[in-house]
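**Student:** Pasting a structure below so you can have a look.
Taken together, the values in this text are just the output of simple stated rules run on the coordinates, not laboratory data. Please read all numbers here as calculations on a predicted model, not as lab measurements. Cβ atoms come from the backbone with ideal geometry, glycine included; neighbour counts cover every protein chain shown.
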Amino acid sequence: MISLNIFSKCPYNGNPKTRLKDLLNKEERSFITLHMLINILDEVSNISNDFKVTLWIYPHLKDNLFHDIKKKYKINIEQQQGSSLCERMNNCLFLESSKYEKTILIGSDIPSLTKDIITDAEYSLLKKDIVIGPSTDGGFYLIGVKRPYENLIDCTKPMNIENLKYNINSRSLDLELLKELKDIDTPKDLLFI
């Protein structure tokens, strides 16, 4: 069984996409966040039954939206745990990889992320310890592991692909990179939707 984990801010309570606030008001940012979340949920809804899908929400689950999502997509919904995004990602990866043979964590703001890319990540974990999907801005949209690692992402450094690769290489782990995709963080990124 593969644990597939989707990280998202609550569209209404999480103050999403703050780097777009000079261009879009809060309602517009909520709208975009919700539609990108629905897009990825639609994409993974037909993924293999070998995947257990969990949506991890920040800051809390107190919106009726999540009841509707859980019912429609038949997925688990959990609250992210930790004081920073880095800590919350590390906690999810460690927890899930302690229970499942393969664990994949993805963001919800990658419009071009497909179930085929996620399946490629799962396949990469047959031969490699870690798989990463780099994003064009120097970050990453996907990280997959096949065993638990404490603090795989170094929260004392900027969370980018180079620091993550350095941390992985310093542990002598085998790494596979997927194709680079665009995430939506800045006003210029909206041109790619």
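**Student:** Do you know which residues across the stretch 112-138 are within 16 Å of residue 148 (Cα to Cα) and within 14 Å of the chain's Cα centre (by Cα)?
**Tutor:** 131, 132
**Student:** Which of the residues spanning the stretch 73-108 are free of Cβ contacts under 8 Å to residues at least 24 places away in the same chain and more than 19 Å from residue 155 (Cα to Cα)?
**Tutor:** Result: 74, 77, 79.
**Student:** On to the next question. Contact list please: Cβ distance under 7 Å, first residue in the stretch 1-22 and under 25 Å from residue 52 (Cβ atoms), second residue of a type in the set (Asp, Glu), pairs at least six apart or on different chains.
**Tutor:** 1/50; 1/101; 2/50; 2/122; 3/96; 5/96; 10/63
**Student:** Can you tell me which residue within the stretch 15-38, out of those that are touching a helix residue (DSSP H, G or I) at 6+ places or on another chain (Cβ under 6 Å) and in a loop (DSSP other than H, G, I, E, B), is farthest from residue 70 (Cα to Cα)?
**Tutor:** 23
**Student:** Here's a follow-up. Out of all the residues in the stretch 168-185, which are within 24 Å of residue 110 (Cα to Cα), over 15 Å from the mean Cα position of the chain (by Cα) and not in a loop (DSSP other than H, G, I, E, B)?
**Tutor:** Those that are within 24 Å of residue 110 (Cα to Cα), over 15 Å from the mean Cα position of the chain (by Cα) and not in a loop (DSSP other than H, G, I, E, B): 168, 175, 176, 177.
**Student:** Scan the stretch 109-121 for residues that are among the acidic types (Asp, Glu), closer than 23 Å to residue 33 by Cα and in contact (Cβ under 8 Å) with a residue 12 or more places away in the chain and jot them down.
**Tutor:** Within the stretch 109-121, just 109 meets the criteria.
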